[in-house]
1. Quick one: 3J(HN,Hα) in Hz for the stretch 102-117, Karplus 6.51/-1.76/1.60 with θ = phi - 60°, rounded, Gly and Pro as x.
2. By how many nm would the segment from Ile548 to Ala173 lengthen if fully extended, with 0.36 nm per residue of separation less the alpha-carbon distance?
3. Considering amide H positions built from the backbone, and no H for Pro or chain starts, which residues 5 or more places from Ala114, or on another chain, come under 5 Å of its amide H?
4. Treat each spin label as a single point 7 Å out from the Cα along the C-beta direction, and report the Tyr99 to Gln75 distance in nm.
5. Between His424 and residues 5 or more places away or on another chain, which pairs have amide H atoms under 5 Å apart, with H built 1.01 Å from N, and which residues are they?
6. To make sure I understand the rule: partners must be lysines, Cα under 17 Å from the Cα of Lys389, and not fewer than 8 residues away in the same chain. Which ones qualify?
7. Provide the gained length on full extension for the span Glu135 to Tyr501, in nm with one decimal, where the gain is 0.36 nm per separating residue minus the Cα-Cα distance.
8. Hey, rough spin-label estimate for Leu55 and Gln304, points 7 angstrom out along Cα→Cβ, what's it come to in nanometres?
Amino acid sequence: MLKEIQITEQPVCACVPPDFPLTLRCRAQGPTRLCYQWFVQSESTDSQEIPGATLPDLHIEARRTQLYVCRINDQHHILFSHWVKVKVLRNLPKGCHPYDWNGEPIIITNPVSAHVKSHKPAKLQCSALGIPAPEYQWYHNGLCQLHQREMQITIKSMKPTDCGSYLCCVSNAHGERWSEAAELSIEEDIIFQQTPPPSVAAGTKPLERYFAAGKVALLIGNNSYIRHPNLLAPMVDVCELSALLRKLGFCVISLVDLTQEEMITAVHQFLQLLDRGMYGLFYYAGHGYERSGRNYMVPIDAPQPYRPENCISVQRILQKMQERRTALNVVLLDTCRKWYNADCAVSTVTPLKPLGNTVYGYATSENAEAYEVQDEEFSSGIFMTYLKKHILKEKKVTHMLEDVLEDIGKDPLVIGKQVMEIRHSLKECRTLTDKICCSASERLDRTVWDRRSKIPKQMVKFSCGVEVELRFKTVFSNLIHTFAKLTHTPAHLTDIKIILYKPSDMPDQSNACKRDPLDSLVALQDDGEEADCMLRLSNLQKCRNNIIIKVDLHFTNLDRVSIQESLEHVIPQPWIAKLFNRTNPLCFMRRHKAEAPESMPTMETQLTTDSLDSQPGAHLKDAGEMPISGQSKSSSEPEENDESDVLPIL
């Protein structure tokens, strides 16, 4: 039994607009019945008892900034809560917070750029609404300023080292928001450039320092088509690019062989991860085409021949990426850009917003094919062959892609057949190597991200005494390899063999326990030891429950009798399955289709492409080629979007 009063819930500070209805809460436990009394204190008055405020909850309408405290007492004890400030921000724009506002941070005042004289003071301010009252953290050129945690940052005497980009992160229990970036510079900073740094003196212009609020990449590789020629390179290319992007700090979602519904779901979840100031990268390898400056991706379940309603518009995805207020959007398309169906109507296009944050990297030029390089048992796209050589370099994204373009242009295998194309509206010198100032949220913390996709080692024990260790290697977000290794075998047993079987309800490759050429590339074991058996589990996005695999043990006992034991082992439902099961965007697509007027094209009339056949060349395979029945050329800019597309991803 309690001997003293204990406060179990303290009231919290708040920053609200005038006349906002607010409830302050205080909860306590004690040995006997407790009494509550609230007090208020203004800047010009001492603390005063609030008449009638004798409940744990205090309901107020905040008209001015005041301090509040709650007294809790019983017959023998008395205790006060923390003092809390309810700050009222005035002169706010109309409708600055939504009707159903729950207290998440809303930035009201952004810091403003300034040009300050040397050794003069400078101030930057950021203010925000929030319940609890938001905390502030300032960043200078991407570096956290540990002691700058107030609404206002003051520089007493401007020096060259104080120049640069300032940004404030505002956060509370409901989330975080980032202010607009503000630039501080010195009027006489030309004086300080007379002695340039070594890189400038050597004739190399140094990169400006930018940073990302977070980095997220969605990579899709479609290899195995149901009604169209299969490809070899997309799976390998996605694997290699995933590893490189992780080195650059990206949280990567890598998926292979998706249907139309699954591609839409993947894009939907990808967009939910993007937020202000983040870097978003979207890569697709597989069958595709272009018409009138618009690009389309072909899902593995597209019919033959496919129509607009069977494919996914890339430009529509880019528009939605921009709406997330990202600092950098990179779209890399490793697909053909030929158009074969002249009978389909061309959609009306309108420009994207001129935000200056978009980069397109096309594996091939307009109306041309993209090729795969076949090297014995492996295959890789020409584009990825050279992209992986340059992507880790600290260069502006467009300059890095220019290096890739030059290398492809020199490759004798594709001269006159494939040349890369770059289009962009990038106004800042942003690179994929830019540092992350902090995670946009806990779910995008790289440690958390990597941990949730990793399945720990597990042990399986048979009644005969044999022990088997199961290890799991995440190859793609929707494909893992399960390795079985005999760790303990009784001396009286011989001819021991272990076999893994996938669930009967999981449509997948065969149960063969030997590795194919792809396995040797992407399924290397963590410790380098050879496993006794390997099982590939793919299409994990389709899982609705835990995965139950069958483990068979074959051995011979002392009597030379062959015996088999079997166990079922449960693998928890993968995180990618939970992500895909969270929503079904196609239901929105069907609703839009039913409600759209006849004059407005629906998604099914906007997402277009054609059937593609593959034709091998000398050590080359066309990534998507067929006899041409009709072509349409266009000079449209890449930053275009069909305003009438109904892509249900937000």
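1. 3J(HN,Hα) across the stretch 102-117, in whole Hz: 9, x, 5, x, 10, 6, 9, 10, 9, x, 10, 4, 8, 10, 10, 5.
2. 131.2 nm
3. Residues meeting the amide H criterion: Glu183, Leu184, Ser185.
4. Rounded to a tenth, the inter-label distance reads 5.2 nm.
5. HN-HN under 5 Å from His424: Tyr360.
6. Here the lysines satisfying the reach criterion relative to Lys389 are Lys247, Lys410.
7. 126.5 nm
8. About 7.1 nm, to one decimal.
The values are calculated or read from the model by the stated rules, or taken from the named source; none is laboratory data. Since this is a predicted model, take the numbers as computed values, not measurements. Positions of Cβ are generated from backbone atoms using ideal geometry, with glycine treated the same way; all protein chains shown enter the neighbour counts. Surface accessibility is based on the protein's heavy atoms, side chains included, excluding ligands, DNA and RNA. Shrake-Rupley method; radii C 1.70, N 1.55, O 1.52, S 1.80 Å.
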